[in-house]
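A.B. asks: Here you go, one structure.
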Amino acid sequence: MKRPKSSVPPTLRATMARCFLEASCYLEELGAMEEAISLLRRAASMGSVEAQVNLGVAFSYGMGVDQDEGISRQWLKRAAQAGSSQGAHNLALSYLEHDDPRWAIYWFKRADALGDEDARAYLDALEGVRG
C-alpha cells in the first residue's frame, strides 16, 4: 500500500527539515547521540541534503549508530543525486577506502562536476595509477 503524499507545503517541509537538522547538531554537541540521530533521520527523510550527508557519514564511521557501509552509501548516493558535491565526494571516499577504484573515480567525477574542490586531485592521482 502506497503512503499518501504529504499535504505539507514544500517550503514548510524544508523549514521543518532544517529545524530537525539544527536540533540534531545541538544534541550531538551535548552528547545525546540517540536523540541526535533520530532527528537527523527525520531531516534526511524530509529531503535535507545536508542531513543525508551527515547521516551517511554517521553510518560510515559508526557515530551514534552501528557502522553500516551499505546504509551509509544509500544516504550519500541520495544526497549526491540531489546535487550535493559533499555527498558525491564522501561516496567516492567510501569506495576508495574499500578498494573499489572504478566506483571511486565515477563518484569523484560527479563530485568534480558538482564543484567539489578536492575531487580533481583525487581523480588525477587515481587516473595516474590506472595509467
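A.B. asks: If you keep only loop residues by DSSP, which GluC sites (Glu not before Pro) in region 19-127 have at most 13 other Cβ atoms within 10 Å of their Cβ? Numbers along the way, then the final one.
C.D. replies: Values: sites: Glu22, Glu28, Glu29, Glu34, Glu35, Glu50, Glu69, Glu97, Glu117, Glu127; in loops: Glu117.
Answer in residue order: Glu117.
A.B. asks: Once you list every other residue whose beta carbon is under 11 Å from the beta carbon of Gly64, what net charge do they have if Lys and Arg are +1 and Asp and Glu are -1?
C.D. replies: Values: positive: Arg41; negative: Glu28, Glu34, Glu35, Asp66.
Neighbourhood net charge equals -3.
A.B. asks: Using a Gaussian network for the chain with springs between C-alpha atoms less than 10 Å apart, which of these wobbles most: Leu30, Leu55, Leu21?
C.D. replies: Answer for the Gaussian network model of the chain: Leu30.
A.B. asks: Gain in length, Gln67 to Glu35, computed as 0.36 nm per residue apart minus the alpha-carbon separation, to one decimal in nm?
C.D. replies: Going from the current span to full extension adds 9.8 nm.
A.B. asks: If you don't mind, there's one more thing I want to ask. Work through the residues other than Arg110 whose Cβ is under 11 Å from its Cβ and net out their charges, Lys, Arg +1 and Asp, Glu -1. Don't skip to the answer; put the middle values down first.
C.D. replies: Details: positive: Lys77, Lys109; negative: Asp112, Asp116.
Net of charged neighbours comes to 0.
A.B. asks: Taking a point 7 angstrom from the Cα of Ala14 along the C-beta vector, which residues in region 34-68 have backbone N less than 13 Å away?
C.D. replies: Flagged as within label range: 47-50.
A.B. asks: Can you work out D for the chain in µm² s⁻¹ from Stokes-Einstein, where Rh is the Kirkwood radius over C-alpha pairs, the temperature is 20 °C and the viscosity is 1.002 mPa s? Mind showing how you got there, number by number?
C.D. replies: Details: Rh = 15.5 Å.
D = 138 µm²/s.
A.B. asks: Could you line up Met33, Met46 from fewest to most neighbouring Cβ atoms inside 10 Å? Walk me through the numbers on the way to the answer.
C.D. replies: Numbers: Met33 16, Met46 20.
Neighbour counts put them in this order, fewest first: Met33, Met46.
A.B. asks: Measuring from label point to label point, each 7 Å out along Cα→Cβ, what is the Gln74 to Trp103 span in nm?
C.D. replies: Rounded to a tenth, the inter-label distance reads 1.4 nm.
A.B. asks: A further question follows. Cβ under 10 Å from Ala44's Cβ, Ala44 left aside: what net charge do those residues give with Lys, Arg +1 and Asp, Glu -1? Before the final figure, lay out the partial values.
C.D. replies: Details: positive: Arg41, Arg42, Arg78; negative: Glu50.
Within the 10 Å Cβ shell, the charges total +2.
A.B. asks: In addition: Kyte-Doolittle cut-off 0.0, length cut-off 27 Å along the helix's own axis using Cα: show which whole DSSP H helices in the chain pass. Write out the running numbers ahead of the final one.
C.D. replies: Numbers: long enough: 10-30 (30 Å, 0.27).
Result, helices passing both filters: 10-30.
FYI, it's all coordinate maths here, none of it is from the lab. Every value quoted in this text rests on a predicted model; they were computed, and no experiment measured them. All Cβ positions, glycine included, derive from the backbone under ideal geometry; neighbour counts span all protein chains shown.
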